[in-house]
Structure formats: C-alpha cells, structure tokens
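The structure under discussion appears below in the form of structure tokens.
Nothing in this text is a laboratory measurement; each read-out follows from the coordinates by a stated rule. Note that this is a predicted model, so its numbers are computed, not measured. Every residue, glycine among them, receives a Cβ derived from its backbone with ideal geometry; neighbour counts consider all protein chains shown.
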Amino acid sequence: MLPLWFWSRALRLRRLIQDLPTSKARGVFIGLVELKGTAEIEEPLTSYLAETACVQFGWSVSEEWRRVVTYTVTDKDGNSRTETRVESGWTTVASGGLASPFHLVDDTGSILVRPEGATIEGRSVFSETVTAFSDLYYGKGPPGGVVDSTGRRMFTESAVPLHAPVFVVGKARQREDVVAAEIAADPSAPMFLISTRSEEQVAGGHGWTIWLTGLLVLALPAGGWAIDRNQMGPADWPDLLPAGWFSLGASGVLLVAWLWQVFNSMTDLRNRVRQASSLVDIQLKRRNDLIPELVRVVEAARAHEAGAQQALAALRANAAAEQLTGLSGGIMGMAEAYPDLKANGNFLSLQKELADTEQRIAMARDYLNDAITNANTRAERFPEGWVASLAGLRRLPLLVTEGIERQPVQVNLAR
Amino acid sequence: MSELMIGLLVAGGAVVVVALLVISIYNGLIGKRNDYKNAFAKVDVQLKRRYDLIPNLVESVKGAMAHERQTLDAVIQARNTAFAVSQKAAENPGDPEAMRKVGEAEAVLRGSMGRLFALAEAYPNLKANENMLQLQGELGETENRIAFARQDFNDKVTTYNTSREVFPAIAFAGMLGFGPASLFEIDNPEERQAVKVKF
C-alpha cells in the first residue's frame with residue numbers, strides 16, 4: 001500500500017509541475033503559480049557552518065557510535081549460547097536553521113516569497129566529517145557526546161544561497177502592506193516548493209520515484225508470495241506461476257490508479273485553461289475601467305496647467321514693467337517658483353501605466369497560451385489522450401493576432 | 001459464522017465506507033462553495049471601495065485645482081486694479097480720493113499675495129498637479145485591488161469546480177446539489193477591445 005501511495009503522489013505532483021505554466025514575477029495572479037528566478041534579499045542571512053550569504057539554511061551535526069551487543073540465542077535443541085554483534089550508526093546531536101522572506105527576481109520584476117511551511121530543497125553548501133581534534137568538533141558542535149561515541153562527527157548544511165536560481169511552486173495571495181502579490185503557505189495548496197533545482201530536475205526526481213515505487217508495487221506481492229511459498233519447502237518452477245498472477249493483479253491496480261490520477265489531473269488542467277482565459281478577461285476589464293479615467297485626469301491636469309501658466313505669464317510680463325510697489329518683486333519670485341510644465345509628469349505617469357497595463361494583458365495571454373499548449377500536448381499524447389477526452393479536455397486553438405495587428409506600428413506624432 | 005452473516009458484514013462495511021466518503025465529499029464541497037462566495041463578496045467590497053473613494057478623491061483634487069486657480073486669479077485681479085488706480089492717481093497727483101483708492105488697491109493686492117504665499121508655503125510648488133498624480137496612482141492601485149480580488153475569486157471557483165469534477169466526487173456532486181460555478185467573464189464584448197487614448 002505504501003509504495004502505491006508514494007507512486008500516485010509522485011505521479012500527481014509531476015503532472016502538476018508539468019501542467020503549470022511558468023508565470024512572470026510581475027504577472028503573478030492570485031492562485032497556484034510556478035515561478036523561476038533568483039533568490040534576492042536586502043539583508044542576507046549568514047549560514048551557520050559554511051557562513052555563506054543565503055536566504056535560507058538548515059544544518060545538522062551527527063555523531064557516530066559503535067557498540068558490541070551481546071545476546072543469547074536458544075537453538076532448536078534447547079542449547080543456549082551467547083553471540084555478539086557490532087552495531088553502529090549516526091545520531092543527530094544538534095541541528096538548526098533559519099529562513100527569511102526573500103524576493104524572487106526574474107526579468108520582469110520581483111515577488112516576495114515567505115518560506116514558512118514550504119518544502120525547501122537547498123543546495124549542499126557544507127559537508128565535513130571530523131574528529132575531536134578539529135576545531136569544528138566542539139566549536140560548532142554541542143559539548144558532550146553520545147554513548148559509545150567513536151569521536152567522529154559529521155557536519156552538513158544545505159542552503160538557498162543569495163542570487164541562486166530558484167524554482168518556486170506555491171499559492172500567491174495579496175500582500176497586506178502594499179497592493180502586490182506574495183507567495184506564502186496555504187493549506188489548500190497542493191504543494192509549496194522552493195527548490196534550487198530546475199523544473200526539469202524536480203519533475204525528473206518525481207519520475208524516478210514513479211518508476212521505483214511502480215516496480216515495488218509490481219514486485220512486492222509476488223515477492224511476498226514467493227517467500228511465503230519458499231518457507232513451506234523448495235519450490236519448482238510451475239509452483240512459482242501464481243507469483244506472476246500476483247504481479248498481473250498489481251499491474252491492474254496500478255492501471256486503475258493511473259487512470260484515476262490522470263483523469264483528475266486532466267480535469268484540473270481543463271479548469272486551469274478556463275481560469276487562464278478568465279484571467280485575460282480580468283486584465284482587459286482592468287484596462288477598460290482604468291485607462292479612460294486616467295486619460296480624463298491627465299486632460300484635466302493639462303487644462304489646469306494651461307490656465308495657471310497663462311495667469312503666471314500675465315504676472316511675469318507685467319511685474320517687470322510696474323514700479324508700483326515692492327510687491328512686484330514678490331510676484332516675480334512667486335512666478336519663478338513655478339517650475340515649467342508640470343503636467344508632463346501626469347503624461348509620463350499615464351504612459352507608464354499604459355505600458356504596464358498592456359504588459360499585464362500580454363502576460364495573462366502568455367499564461368493562457370501556455371496552459372492551452374500543455375492541455376493540447378496532454379490531449380494528443382498516447383495513451384493519455386483517451387483519458388483526456390473522458391475528462392472533457394479538448395484541443396483548443398491558441399490566441400493569435402490576425403491581420404493588421406501583426407504589421408509594424410507607424411509612430412506618427414504629426415497628427 | 002454463517003456465510004450470510006459474513007456477506008451482511010461486508011455489505012454493511014461497504015455502505016459505511018461509501019457513506020463516509022460521500023459525507024467527506026459533501027463537507028469539502030460545502031467549504032469550497034462558501035470560499036468562492038466569500039471571494040465574490042470580496043470583489044464587491046473592492047468595487048464598493050472604488051465607488052466610495054474615487055468620486056471623493058476627484059472632488060478633493062478639483063478643490064485643490066480650484067483653490068490654486070482662484071488664488072492666481074485673485075492676484076491678477078488685484079494687480080490689475082492696483083495698476084489701474086495708480087495710473088489714475090499719476091494723472092492727477094493732487095486728488096486725495098485717487099490716492100486713497102491706490103492705498104485700498106494696495107491693501108487688496110497685499111492680501112491676495114499673502115494668500116498666494118500661504119498657498120505656496122502649504123504646497124511648496126503649488127501642487128494641484130501632484131494631487132492629480134496621486135489620483136492617477138490611486139486609480140491604478142484601486143484597479144489592481146479589484147483585479148486581485150477577481151483573481152482570488154477565480155482561484156476559489158476553479159478549486160471548487162475541480163474538486164467537484166475529479167473522481168470520485170464527480171459521481172456524487174450533481175446528486176448532492178453542487179452545480180458548476182462560473183468564472184469572471186466580461187459581459188459586454190466591447191470592453192475587451194483596446195482603449196483608444198485621445199486628447
């Protein structure tokens with residue numbers, strides 16, 4: 001049962017990682033997202049053993065022990081004798097670690113990641129086995145020791161170093177301090193992973209688990225039966241035949257479990273495509289609601305500025321000519337305090353917002369296309385394509401522009 | 001134990017297992033349905049925030065604009081008056097009435113200049129424009145909040161839909177009265193079109 005559970009879990013997680021399109025840091029939406037970037041932090045942590053700058057580290061010290069165990073056995077004839085056996089092993093004597101919220105930075109921007117509750121796959125930054133003569137032994141290890149110690153300690157540490165490429169899968173939610181997203185632990189998320197390995201390596205790792213546990217599921221029942229059978233006495237070849245039946249039964253179980261997982265992941269993917277399509281709508285709606293309002297504000301700013309500048313021009317022109325009172329100088333100073341054309345700032349801000357808005361839409365469309373591509377790949381593959389049609393996952397066309405939108409844009413400022 | 005007893009026990013056990021499964025699916029779906037309804041309400045909260053906030057912001061920006069404009073106009077008005085009466089006084093230096101008017105006009109000009117200086121001190125560079133920049137920023141932020149709330153709603157709807165459509169829930173969800181939920185969608189297709197910026 002246990003290998004079967006590991007098998008179906010690895011299958012589910014690998015399919016999830018493969019099906020999730022990679023988002024960009026600036027285009028992150030609320031929900032389960034996958035991101036690739038580098039780990040950055042303003043005040044990096046210093047890891048305990050390797051003393052490297054990092055955003056997360058975990059270390060442990062284990063000590064070796066070896067003991068001779070004496071025990072008594074009684075054989076079939078009732079004779080007791082004493083036997084000895086050497087046991088040895090490692091016991092963890094100290095461990096610790098620290099993780100700090102960090103920024104994942106990619107080519108579009110950055111996003112805050114809160115690592116509490118995440119599965120963190122760090123990189124090994126320290127691994128040394130030393131004897132008590134080493135400074136390290138008591139320097140960074142605890143005083144005292146384990147019973148029957150051999151006087152050897154193993155110091156290991158893994159960390160997510162500063163600037164290291166990281167692969168993150170987790171749930172994005174809205175930050176409480178500013179209007180932006182952050183990635184944090186969420187009980188409803190199927191996974192929350194921060195890994196220094198690449199997406200392919202993580203998926204590949206699950207792939208190995210699938211193969212190994214799958215083989216175990218096939219082999220264990222047959223093996224168990226064979227051992228059972230063997231205890232009754234030496235077996236001939238035809239007697240082992242039922243082992244084959246057991247394996248056949250186990251592969252039937254695997255097939256059903258595979259169908260189940262694949263059907264569910266296809267359903268998940270189909271809904272992800274629908275969600276992605278709706279995410280595009282959200283960004284289009286945002287543009288539709290926001291841009292006209294911004295344009296109106298900038299228009300008002302421009303009109304206001306035109307009026308104010310005219311008034312100031314009148315003041316400037318006349319103030320010099322008037323010898324009326326000492327106030328003229330004050331008027332002049334006032335007029336000069338007015339910097340020129342401040343509505344420019346409003347236009348700049350509008351231009352930035354326009355570009356940002358289109359960028360958001362583009363990223364939402366990219367995400368949708370990635371999701372559709374993943375779904376199409378699944379739907380076309382053999383044999384999962386059959387399950388895809390069972391789960392209502394159909395081939396969908398990608399979003400493409402047509403006609404004039406593909407032509408280069410002529411910038412015309414003369415009009 | 002008779003074969004009948006064993007059969008009954010097995011059947012009873014199966015019924016209990018299925019019942020437990022259905023109960024857990026039911027409770028799970030209840031939770032997720034409430035989650036997406038809650039997320040929908042949160043979108044409404046953000047829409048309401050926009051509705052309440054933006055008109056007030058616009059009014060205050062308008063106020064700042066009008067204040068700045070009126071102060072400038074008052075200075076110009078006062079200057080013109082002062083200039084006119086001093087011209088008159090220059091034509092007839094002996095007229096005490098004209099001299100008195102010059103004094104009055106100077107006082108008005110001084111007053112309006114005072115207001116201009118006060119304004120300039122309160123807003124070092126007369127900042128109706130900064131108000132508007134802030135309004136632009138707030139408009140953008142408000143729409144971001146709404147977009148986030150909608151994304152959250154979509155996420156919750158998708159979670160709900162997926163959990164009612166996966167096996168084994170798919171076998172019971174319809175029976176238990178859990179219909180599919182719909183995602184955010186633009187009602188008016190024109191809103192999908194690119195926005196033309198025109199001045």
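Data table
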quantity: Rough spin-label spacing in nm, given labels placed 7 Å along Cα→Cβ, for residue B:20 and residue A:314; calculated: 8.7 nm
quantity: Global geometry of the protein assembly as shown, whether rounded, prolate or oblate, following the gyration tensor of its Cα atoms and the 1.5 cut on a/c; calculated: prolate
quantity: Amide proton proximity set for residue A:32, modelled H, under 5 Å, gap of 5+; calculated: A:172
quantity: Cα gyration tensor category, rounded, prolate or oblate, for region A:2-231 with a/c compared to 1.5; calculated: oblate
quantity: Lysines with Cα under 21 Å of residue B:88, excluding same-chain neighbours fewer than 8 positions away; calculated: B:101
quantity: Among A:79, A:344, A:374: highest mean-square fluctuation, GNM of chain A, C-alpha pairs under 10 Å; calculated: A:79
quantity: Per-residue mean of C-beta atoms belonging to partner chains within 10 Å, peptide B:183-190; calculated: 4
quantity: The protein assembly as shown, dipole about Cα centre (Lys/Arg Cβ +1, Asp/Glu Cβ -1), debye to the nearest 20; calculated: 1060 debye
quantity: Averaged over B:132-139, number of beta-carbon atoms from partner chains that fall within 10 Å; calculated: 6
quantity: GNM flexibility winner over chain B from B:189, B:93, B:180 (Cα, springs under 10 Å); calculated: B:189
quantity: Within straight-line cross-link reach of residue B:37, aspartates and glutamates at Cα separation under 13 Å, skipping those fewer than 8 residues along the same chain; calculated: B:152, B:155
quantity: Ellipticity estimate at 222 nm from DSSP helix runs (n ≥ 4, -39,500 (n - 2.57)) divided over chain A, nearest 500; calculated: -16500 deg cm²/dmol
quantity: Assigned charges on the beta-carbon of Lys, Arg, Asp, Glu; region A:1-159 dipole about Cα centre (debye); calculated: 560 debye
quantity: Sequence-distant lysines (8 or more away, or on other chains) whose Cα lies within less than 26 Å of residue B:42; calculated: A:24, A:171, A:285, B:32, B:156
quantity: Per-residue average of Cβ from other chains inside 10 Å of A:166-179; calculated: 2
quantity: Simple label model, 7 Å out from Cα along Cβ direction - residue A:251 to residue B:141, nm; calculated: 6.3 nm
quantity: Two-site label geometry, residue A:186 and residue A:380: point separation in nm, points 7 Å out along Cα→Cβ; calculated: 3.1 nm
quantity: Hz values of 3J(HN,Hα) by residue in region B:17-31 - Karplus curve (6.51, -1.76, 1.60), Gly and Pro given as x; calculated: 4, 5, 4, 4, 4, 5, 4, 5, 4, 4, 5, x, 5, 4, x
